[in-house]
Amino acid sequence: MSNQRSKLVVGNWKMHGRLAPNVALLQGVARGAQALPQDVRVGVCVPYPYFAQAQALLGGSRVAWGAQDVSAHEQGAYTGEVAAGMIADFEATYAIVGHSERRAYHGESPELVAAKTQRALAAGLTPIVCVGETLDERESGATECVVGAQLNAVLVVLSADEAARIVVAYEPVWAIGTGKSATSEQAQQVHAFLRARLAAKGAQVADVPLLYGGSVKPENAAELFRQNDIDGGLIGGAALKEGDFLAICAAAAAAADVAG
Ligand code: 13P
């Protein structure tokens, strides 16, 4: 299986990191990424307080940086929220929206996720829209229904040109942080479904990068990234270890190479 799309690997640090140890991790990833072929793009989504640090240490490197969430509001009296424009001030590229941890622990609705996606786009950021089913939903045969509805809530508020500027990440909730990744067949099946939904929005939306997330490790990355509709990964725990993260990036490079 192969396709001509380039690969993208993004680390989601979640609520990890401290100022001092971040230096070695960011510098190490920046250094390691220099060796990657041009058709592999790399990013890290760090906690807000480390934006200036990411900008200082990653600026001029192959590694882009971004946020793990963004406010649905442009500005105003929203204590604790961070606006897309503020994130863009730090030359960030990405903003994750609709991560399952935000949907589950912060009650984010599909409509809120859609509004956040619009805000990110309006500020010139690339939203990484996360979708995924729980174990109960998978076992009751509702996977496509759930992820289809999550994606659709975003697509309906976007023009085709806007939709062409998003990234979608399929992250089965049961695979996140559990060490139990989806098999490459399971992931490919959902990705193919999502690809068809994107293509139905317009020809320019068909090739939106589709990332897989959920217990991606150096050991399983190559097999996942070889699948026809898997364009890379959204990496949690393994993104906190320089060697593991770079090994996953190398697996993306190898998969891109096979495709090319
Ligand atoms: P893990 O890679 O730790 O399973 O996390 C995946 C994830 O939630 C990335 O957003």
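The values are calculated or read from the model by the stated rules, or taken from the named source; none is laboratory data. These figures come from a predicted structure and were not determined experimentally. For neighbour counting, all protein chains shown are included, and Cβ atoms are generated from backbone atoms with ideal geometry for every residue, glycine included. Only protein heavy atoms, including side chains, enter the accessible area calculation; ligands, DNA and RNA are left aside. Shrake-Rupley method; radii C 1.70, N 1.55, O 1.52, S 1.80 Å.
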- Query: So what's the gap between the Cα centers of the stretch 1-41 and the stretch 61-91, to the nearest angstrom?
  - Reply: 20 Å
- Message: Please compute, over every Cα-Cα pair in the stretch 1-100, the percentage with a separation greater than 21 angstrom.
- Response: 36 percent
- Calculated log₁₀ intensity ratio I(q)/I(0) where the Debye formula runs over C-alpha points of the chain, q = 0.08, 0.10, 0.17 Å⁻¹: -0.27, -0.44, -1.39
- Task: Could you tell me, in Å, what Rg and Dmax come out for the Cα atoms of the stretch 1-51?
- Result: 13.3, 43
- Query: Could you state the number of Å between the C-alpha centres of the stretch 180-208 and the stretch 216-255?
  - Reply: 18 Å
- Do you know the relative contact order of the chain, to the nearest whole percent, from alpha carbon pairs under 8 angstrom that are 6+ apart? 23 percent
- Item | Per-residue SASA entry for Met86, accessible area with 1.4 Å probe, Å² rounded to 10 | 100 Å²
- Using DSSP to define loop residues, name the trypsin sites (Lys or Arg not before Pro) in the stretch 144-240 whose beta-carbon has at most 15 other beta-carbon atoms within 10 Å. Lys180
- What accessible area per residue comes out for the chain, rounded to a whole number of Å², with a 1.4 Å probe? 43 Å²
- Query: Which of Lys14/Lys217; Lys7/Lys217; Lys116/Lys201; Lys217/Lys241; Lys116/Lys180; Lys14/Lys201 have a Cα-Cα distance over 22 Å?
  - Reply: Lys116/Lys180; Lys14/Lys201
- Task: Quote the accessible area belonging to Tyr94 in square angstrom, nearest 10, computed with a 1.4 Å probe and with ligands, DNA and RNA left uncounted.
- Result: 10 Å²
- Item | Cα-only Debye scattering, the stretch 78-121: base-10 log of I(q)/I(0) at q = 0.20, 0.24, 0.30, 0.32 Å⁻¹ | -0.68, -0.93, -1.16, -1.19
- Message: Using only alpha-carbon positions, what ratio does the radius of gyration of the stretch 115-160 give when scaled by 2.2 N^0.38 Å?
- Response: 1.36
- Zero-based 5 Å bins, Cα pair distances in the stretch 143-225, whole percents: 3, 15, 26, 23, 16, 11, 6, 1
- Message: Connecting C-alpha atoms closer than 10 Å in a GNM of the chain, tell me which of Leu19, Leu234, Leu135 has the biggest fluctuation.
- Response: Leu19
- Could you run the Debye sum over the Cα atoms of the stretch 99-186, one equal point scatterer each and no solvent, and tell me log10 of I(q)/I(0) at q = 0.15, 0.20, 0.25 Å⁻¹, two decimals? -0.58, -0.96, -1.30
- Between Ala142 and Val157, how many nm apart are label points set 7 Å from Cα along the C-beta direction? 2.2 nm
- Message: Accessible area of the stretch 80-184 with a 1.4 Å probe: how many percent of it is carbon plus sulfur?
- Response: 52 percent
